[in-house]
Amino acid sequence: MEIQLKNNASGILEETKIEDGFYILKFANETNENQSIVRDIDSSFIQFHFCSKGKMQFSFNNGSYALPLLNNKSLLLYNPQRDLPMNLEMEGDSTLISLLISIKKFHSLFSTEANYIPFLGEGNRDKKYYTDTDISPSMHVVLNQIINYNLHTSIKLLYFKGKAYELLSLYFNKPEDVDIEQCPFLVDEENVLKIKRAKEIIIDKMAEPPTLKELSKEIGLPLNKLKDGFKQIYGEPVYAFLFDYKMEVARQLLASRDYNVNEVGLKVGYSTSSHFIAAFKKKYGTTPKKYIMNLN
């Protein structure tokens, strides 16, 4: 069933079918207000929820009990005895990635590892299973790549499929088995936090962003690690990411009709309207004025 939004708050709601019995859902509440989301999920599915930003709460049995999901936490839900529909209340400025996989599909992935995964043990296969865990730095990288992907639509499904399987692999990976040589950048969790700080800085200062050298100095990370790390986590170079972000902000401001084209251009850092119009057309294939007209 399609996702149902209970209010008209702005946000991103995207569901992608990876294959039969396997879905990836992306929810982003980009407002300052709470947002409610409902989706039917039957008892044949295992649910993995990853809160990469903000906080939220799942309600069950018509609100008789609830499970919170905080920033940097994941939640696994499984109950073969009854359906567990998603009834989610997201606080403002929150982002959630969810994987829904049927128990049949899941067993096929881990059939040789059934003793390792707790709820696949003989004594647990028919019991409900809820657990919350921290999101590791390597999982954060994959989540950010899913959230901030910038790919041609023809390869989106292939990309999401790969990232969904990677996320599951990292979720069930034992810490002592992690091969740090595979991704040396992630050995130092502090570097990941610095890269996330770099993103926050360029967003806060998007009208007058710092140079890469200034940004590198401000977050305390060498320039080459800033460039490589940012692209690894967010899927594109710093200024390419900033350009996409500015254009999305501009699009939302234009759609609000509270500002004219010149005002929007200034807000996102363009000193002349001609430069802003050219940038907007490069991103969306149309001018800001025509975009506003098409909204009618």
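The values are calculated or read from the model by the stated rules, or taken from the named source; none is laboratory data. Note that this is a predicted model, so its numbers are computed, not measured. Neighbour counts are summed over all protein chains in view; Cβ atoms, including those assigned to glycine, are modelled from backbone coordinates with ideal geometry. Surface areas here come from the heavy atoms of the whole protein model, side chains and all, with no ligands, DNA or RNA. Shrake-Rupley method; radii C 1.70, N 1.55, O 1.52, S 1.80 Å.
Restricting attention to region 81-99, the residues that are more than 23 Å from Asn34 (Cβ to Cβ) and not basic (Lys, Arg) add up to 3. When each of Lys213, Lys225 is tested for being surrounded by 14 or more Cβ atoms within 10 Å (Cβ to Cβ) and of a type in the set (D, E, K, R), the lone residue that passes is Lys225.
Residue pairs whose Cβ atoms lie under 8 Å apart, sitting 6 or more positions apart in sequence or on different chains, and linking a residue in region 196-208 that is surrounded by 18 or more Cβ atoms within 10 Å (Cβ to Cβ) to a partner that is assigned to a loop (DSSP other than H, G, I, E, B) and modelled with pLDDT of 90 or more, are Ala198/Leu221; Ile202/Pro209; Ile202/Pro210.
Give the residue, chosen from Tyr291, Tyr245, Tyr284, that is closer than 20 Å to Glu200 by Cα and open to solvent by 30 Å² or more (accessible area, probe 1.4 Å).
None of the other options fit; the residue is Tyr245.
Selection of region 210-257 for residues being modelled with pLDDT of 90 or more, β-branched (Val, Ile, Thr) and either in a helix (DSSP H, G or I) or under 18 Å from the mean Cα position of the chain (by Cα) (or both) yields Ile219, Val238, Val249. So, Leu88, is that one in a strand (DSSP E or B), open to solvent by less than 10 Å² (accessible area, probe 1.4 Å) and touching a helix residue (DSSP H, G or I) at 6+ places or on another chain (Cβ under 9 Å) or not? Spelling it out, it is not the case that Leu88 is in a strand (DSSP E or B), open to solvent by less than 10 Å² (accessible area, probe 1.4 Å) and touching a helix residue (DSSP H, G or I) at 6+ places or on another chain (Cβ under 9 Å).
The set of residues from region 152-162 being in contact (Cβ under 8 Å) with a residue 60 or more places away in the chain and within 15 Å of the chain's Cα centre (by Cα) comprises Lys156, Phe160, Lys161.
Looking for something over 28 Å from Arg197 (Cα atoms), among the β-branched types (Val, Ile, Thr), in a helix (DSSP H, G or I) and free of Cβ contacts under 8 Å to residues at least 40 places away in the same chain - is there at least one such residue anywhere in region 267-276? Checked against the condition, which is being over 28 Å from Arg197 (Cα atoms), among the β-branched types (Val, Ile, Thr), in a helix (DSSP H, G or I) and free of Cβ contacts under 8 Å to residues at least 40 places away in the same chain, region 267-276 yields no hits at all. I want to confirm something. Restricting to region 249-276 and keeping residues that are of a type in the set (Val, Ile, Thr) and under 18 Å from Asn294 (Cβ atoms), which single residue is surrounded by the most Cβ atoms within 10 Å (Cβ to Cβ)? Taking the candidates together, the pick is Val264.
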